[in-house]
Every structure is written in C-alpha cells, then in structure tokens.
Amino acid sequence: MDFAKVKEALEKNGFIVKVFETAEEAADYLDKEIDKTTVGQGGSLTVSRMGIMDRLAKHNQVWSHWNVPEGMSKDEVLLKAMVTDAYLCSVNGLAESGEIINIDGTGNRVAACLFGHKRLYYVVGKNKIAPTYDEALNRARNIAAPLNAKRLGRKTPCAVDGKC
C-alpha cells in the first residue's frame, strides 16, 4: 500500500490529509484541532477505539448515538450529531486512487459526510486502504459490512452469509 499515493489522490480531490504513525498521535491532533464546538460521531469503531470522543467531550459538546443522554432517544442523538460543527467518522474502504466507500446501516454517516458540517474528519486506519477501487469495494462489502451487521445483530445476508 502506497500512503503517498493515497495522500496525493485525496488532496487532488480537495481533502486536507494528515498522516500519523499511531492512533494516539491522530487522537492528540484531533483533540487539539477540535475545541469549544459541537462534535458528532458516525458510529465508527475506529474512532471509538481511539478514545477520542471521551477526550473531546471534556471541551466540546459531543453527540454520539452510542452515548444517549438520559431523557433522549437514539434518534434524537442521531439528529443532533447530523448538525454539529465537526463530524468524525471512518470509511469501510479507501482506494489508493482516493475513492471512499461506505455502506451504512441507517444512512446517518453517509448523509453527515455529504452535508451539514463545517469540518468533516475521516479517521482511516491502514487496514481500510486497498490498492484499487474494486478491492476497496470488496473490503466494504465482504469484510466491513458483514462484521458490522453481525455486531449490530442484524438478520441480513451480510450477517448470515458473511457477504453483501
């Protein structure tokens, strides 16, 4: 996998790209970059495992449907996350050519990535990157989506057969 190629392709598509050696370095960057604002999260295990949302909650108003406040519903939190100033999510697959692939259960992440936020941060581990679009799509369909469907207890072909 060629990180320089991925970075160049994403920058050509208008993204500002920061590359970090470790998840901790990425979390430190985001913790400094996002301050005194509203932050939404798109149900990303990548973001969750970094612990960044807990860090951001110390100096931002954070909305994540994985942490529903007393007296609110999950749907209310999803809507609040959709209109925050900053939004963090990951991808199911990223081709070295810069194409981002997401398969979404409810559409909240995909919708949030397309509209509404002043700043969008894709947090992408090297495990998500594939040399070609077809390989990134394969990863999204046959690795990420089945794992997510099983984790969420869905009875979809993704969960049952392991392929979407």
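The values are calculated or read from the model by the stated rules, or taken from the named source; none is laboratory data. Note that the coordinates shown come from a computational prediction; the quantities given were computed from them, not determined experimentally. Here the Cβ positions follow ideal geometry from the backbone for every residue, glycine too, while neighbour counts run over all protein chains shown. Protein only, heavy atoms only, side chains kept; ligands, DNA and RNA dropped before computing areas. Shrake-Rupley method; radii C 1.70, N 1.55, O 1.52, S 1.80 Å.
Quick check on my filter: what residues within region 59-88 are without any contact (Cβ under 8 Å) to a residue 12 or more places away in the chain, closer than 20 Å to Leu152 by Cβ and open to solvent by 60 Å² or more (accessible area, probe 1.4 Å)?
Of everything in region 59-88, those that are without any contact (Cβ under 8 Å) to a residue 12 or more places away in the chain, closer than 20 Å to Leu152 by Cβ and open to solvent by 60 Å² or more (accessible area, probe 1.4 Å) turn out to be Lys74, Asp75, Glu76, Leu79.
What helices (runs of 4 or more DSSP H), lying completely within region 89-164, carry at least 1 residues that are aromatic (Phe, Trp, Tyr)?
Fully inside region 89-164 and qualifying: 133-139.
State which residue pairs qualify: first residue under 22 Å from Ala23 (Cβ atoms) and open to solvent by less than 20 Å² (accessible area, probe 1.4 Å) and inside region 89-106, second residue of a type in the set (Lys, Arg) and modelled with pLDDT under 90 in any location, beta carbons under 7 Å apart, and separation of 6 or more residues or different chains.
Close Cβ pairs (under 7 Å, with a partner that is of a type in the set (Lys, Arg) and modelled with pLDDT under 90) amount to Cys89/Arg109.
Just one of the numbered conditions (1) under 22 Å from Ala23 (Cβ atoms); (2) outside any helix (DSSP H, G or I) is not true of Pro69; which one?
Condition not satisfied by Pro69: (1).
Kindly indicate the residue of region 1-23 that is β-branched (Val, Ile, Thr) and open to solvent by less than 70 Å² (accessible area, probe 1.4 Å) and also farthest from Met50 (Cα to Cα) among those meeting that condition. Step through it out loud before you land on a result.
Filtering region 1-23 down to residues β-branched (Val, Ile, Thr) leaves 6, 16-17, 19, 22.
Pick out the ones that are also open to solvent by less than 70 Å² (accessible area, probe 1.4 Å) and you get 6, 17, 22.
Numbers: Val6: 22, Val17: 18, Thr22: 10 Å.
Ranking the qualifying residues of region 1-23, first place goes to Val6.
State all residues of region 36-53 that are over 27 Å from Ala145 (Cα atoms) and surrounded by 12 or more Cβ atoms within 10 Å (Cβ to Cβ); if no residue qualifies, say none. Spell out how you get there, then give the answer.
Just the residues of region 36-53 that are over 27 Å from Ala145 (Cα atoms), to begin with: 36-38.
Those that are over 27 Å from Ala145 (Cα atoms) and surrounded by 12 or more Cβ atoms within 10 Å (Cβ to Cβ): Thr37, Thr38.
Which residue pairs have Cβ atoms closer than 7 Å, lie 6 or more positions apart in sequence or on different chains, and pair a first residue in region 146-164 that is free of Cβ contacts under 8 Å to residues at least 12 places away in the same chain and of a type outside the set (Val, Ile, Thr) with a second residue that is open to solvent by less than 100 Å² (accessible area, probe 1.4 Å) and part of a loop (DSSP other than H, G, I, E, B)?
Sorted first by the residue in region 146-164, then by its partner, the pairs are Pro157/Cys164.
Looking at (1) in a loop (DSSP other than H, G, I, E, B); (2) more than 16 Å from Thr84 (Cα to Cα); (3) not aliphatic (A, V, I, L, M), which is the only condition Lys36 fails?
Exception for Lys36: condition (2).
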